[in-house]
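The values are calculated or read from the model by the stated rules, or taken from the named source; none is laboratory data. These numbers were taken from a predicted model, which means no experiment stands behind them. Backbone-built Cβ (ideal geometry, glycine too); neighbour counts: all protein chains shown.
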Amino acid sequence: MGTDIHNLLISLAWLGELRTDHVRRLWLPDHRLQAAQRLLQSLRAEGYVERRMWSRWVPGRTTPQRQGALWSVSRKGRDMIRESDQYPPEYKEPRARRMVPHDSTTSEAIVRVIELGRAVEFAGQRGISGLYVEREVRLDPARPRPVMDALIIVTVGGDFDRPDLVPWSRDPTLEGERRVRYALENDRDTEPPTVIAAKASHYQRAGTPAWERRYGRFPLPLWLTPSTRRLQQILDLWRQAWPVGKWLLTTDAWLAQDYWIEYDHGATIERRLFSRSGLHRPQGDAADQAAIDHILRRTS
């Protein structure tokens, strides 16, 4: 298969835990899921990765439903890659089991951003030439709360067109490259409206000198929501609390189709993550389409 095991282990050190299908999509995009399963099982047998099984409650079922395995780099795996220039500045252990449903969705969003970035055409070049991801990042480095679920810094352009590798880097951009920054807010419809509105106020005040010294320019917020209803609620709350702000919103279903709602200083449009052109409305039922039309009419 020719998989770069070193790059895979480094990526697990950055990302924490990934599902089997995440590994297939990032390192074996032209193979079936079974190829990723065999690779991960062999790495586990050699002690380089660890596996966590988990279940989640599903509506209509009386018992939890078993989910796909989650994979993380082991201590032995970290020891093998620790001296690499691409090793993360700080390794964070996977969080407690109760956080797995949330963190698995965060991983899906990050993997999807990487996939979409690989398809970007910029300055005559294609793909991602640099990536930095950090989970649970403070909006203000001096304060413990609030935190974004993930900071994602993507460099596109350049001449690194490798759909089988993830190019971890925070080095300065080169000529022909462009860097975009995202603050991922993975909402699972568990926080009350007051908390959501307060986040908008915190984002307005973010981008302190301490932040810029550490990370550079402050990122654009990305909201991932479980439903169009929740997306509309967050959009309304943030528009009222931060009318001159800018952010993007999508749902779990829309993420797979690269469909986003952009709010920018009172105007709302539909777009793709890295481009405003080539848009296709997401496949959905009549209620979903009506919700999109309502959002665009109401805020344009």
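Filtering segment 149-166 down to residues that are under 30 Å from A200 (Cβ atoms) and in contact (Cβ under 8 Å) with a residue 40 or more places away in the chain, which residue is surrounded by the most Cβ atoms within 10 Å (Cβ to Cβ)? Break it down into steps so the answer makes sense when it comes.
We begin by selecting, within segment 149-166, every residue under 30 Å from A200 (Cβ atoms); these are 149-156.
The next check asks that each one be in contact (Cβ under 8 Å) with a residue 40 or more places away in the chain; those that pass are 149-154, 156.
Numbers: D149: 21, A150: 25, L151: 20, I152: 25, I153: 19, V154: 22, V156: 27.
My answer is V156.
Output the number of residues of segment 261-297 satisfying the condition of being in contact with a helix residue (DSSP H, G or I) (Cβ under 7 Å, 6 or more places away or on another chain) and within 24 Å of I153 (Cβ to Cβ).
4
Go through (1) under 25 Å from L151 (Cα atoms); (2) modelled with pLDDT under 95; (3) surrounded by 15 or more Cβ atoms within 10 Å (Cβ to Cβ) and name the single condition W54 misses.
Answer for W54: the failing condition is (1).
Among the numbered criteria (1) buried (at least 16 other Cβ atoms within 10 Å of the Cβ); (2) touching a helix residue (DSSP H, G or I) at 6+ places or on another chain (Cβ under 9 Å); (3) under 25 Å from D258 (Cβ atoms), which one does D103 miss?
Going through (1) buried (at least 16 other Cβ atoms within 10 Å of the Cβ); (2) touching a helix residue (DSSP H, G or I) at 6+ places or on another chain (Cβ under 9 Å); (3) under 25 Å from D258 (Cβ atoms) one by one, D103 breaks only (2).
Closer than 16 Å to P192 by Cα, in contact with a strand residue (DSSP E or B) (Cβ under 7 Å, 6 or more places away or on another chain) and in the same structural domain as E185 (by TED's automatic domain parsing): is that true of T268 in this structure?
no
Check L116, L33 and return the single one that is crowded, with 16+ Cβ neighbours inside 10 Å and at pLDDT 95 or above.
Result: L116 is the single residue among L116, L33 that is crowded, with 16+ Cβ neighbours inside 10 Å and at pLDDT 95 or above.
Is it the case that some residue within segment 195-205 is surrounded by fewer than 19 Cβ atoms within 10 Å (Cβ to Cβ) and part of a loop (DSSP other than H, G, I, E, B)?
no
Identify all residues within segment 1-17 that are modelled with pLDDT of 95 or more and under 17 Å from P167 (Cβ atoms); write none if there are none.
Within segment 1-17, I5, H6, N7, L8, L9, I10, S11, L12, A13, W14, L15 qualify.
Would you mention how many residues in segment 59-81 are in contact with a helix residue (DSSP H, G or I) (Cβ under 9 Å, 6 or more places away or on another chain), at pLDDT below 95 and more than 23 Å from D21 (Cβ to Cβ)?
Result for segment 59-81: 0.
Could you count how many residues in segment 116-142 are touching a helix residue (DSSP H, G or I) at 6+ places or on another chain (Cβ under 9 Å) and over 22 Å from P88 (Cα atoms)?
Qualifying residue count for the region: 1.
Within segment 21-42, can one find any residue that is part of a loop (DSSP other than H, G, I, E, B), of a type in the set (S, T, N, Q) and touching a residue at least 12 places away in the same chain (Cβ under 8 Å)?
Looking through segment 21-42, none of the residues is part of a loop (DSSP other than H, G, I, E, B), of a type in the set (S, T, N, Q) and touching a residue at least 12 places away in the same chain (Cβ under 8 Å).
Inside segment 206-221, can you point out the residues that are part of a helix (DSSP H, G or I) and aromatic (F, W, Y)?
Result: W211, Y215.
Is it the case that segment 57-77 has a residue that's surrounded by 11 or more Cβ atoms within 10 Å (Cβ to Cβ), over 23 Å from the mean Cα position of the chain (by Cα) and assigned to a helix (DSSP H, G or I)?
yes
For segment 26-56: of the residues being more than 24 Å from W168 (Cβ to Cβ) and of a type in the set (A, V, I, L, M), which is farthest from the chain's Cα centre (by Cα)?
Applying the filter and picking the extreme gives A45.
Filter segment 236-254 down to residues that are over 14 Å from the mean Cα position of the chain (by Cα), within 28 Å of A142 (Cα to Cα) and surrounded by 15 or more Cβ atoms within 10 Å (Cβ to Cβ), then give me how many there are. Full working, then the answer.
Just the residues of segment 236-254 that are over 14 Å from the mean Cα position of the chain (by Cα), to begin with: 236-247, 253.
So of that shortlist, the ones also within 28 Å of A142 (Cα to Cα) come out as 237-247.
Filter once more, so that each one left must be surrounded by 15 or more Cβ atoms within 10 Å (Cβ to Cβ): 237-239, 241-242, 245, 247.
Going through segment 236-254 one residue at a time, the tally reaches 7.
Taking A253, is it more than 19 Å from L131 (Cβ to Cβ), without any contact (Cβ under 8 Å) to a residue 40 or more places away in the chain, assigned by TED's automatic domain parsing to the domain that holds L139 and not basic (K, R)?
Criteria met by A253.
I'm trying to understand the selection: among the residues of segment 171-193, which are buried (at least 16 other Cβ atoms within 10 Å of the Cβ) and either polar (S, T, N, Q) or part of a loop (DSSP other than H, G, I, E, B) (or both)?
N186, D187
Of all residues in segment 119-148 being β-branched (V, I, T) and in a strand (DSSP E or B), which is surrounded by the most Cβ atoms within 10 Å (Cβ to Cβ)?
Among them, the one singled out is I128.
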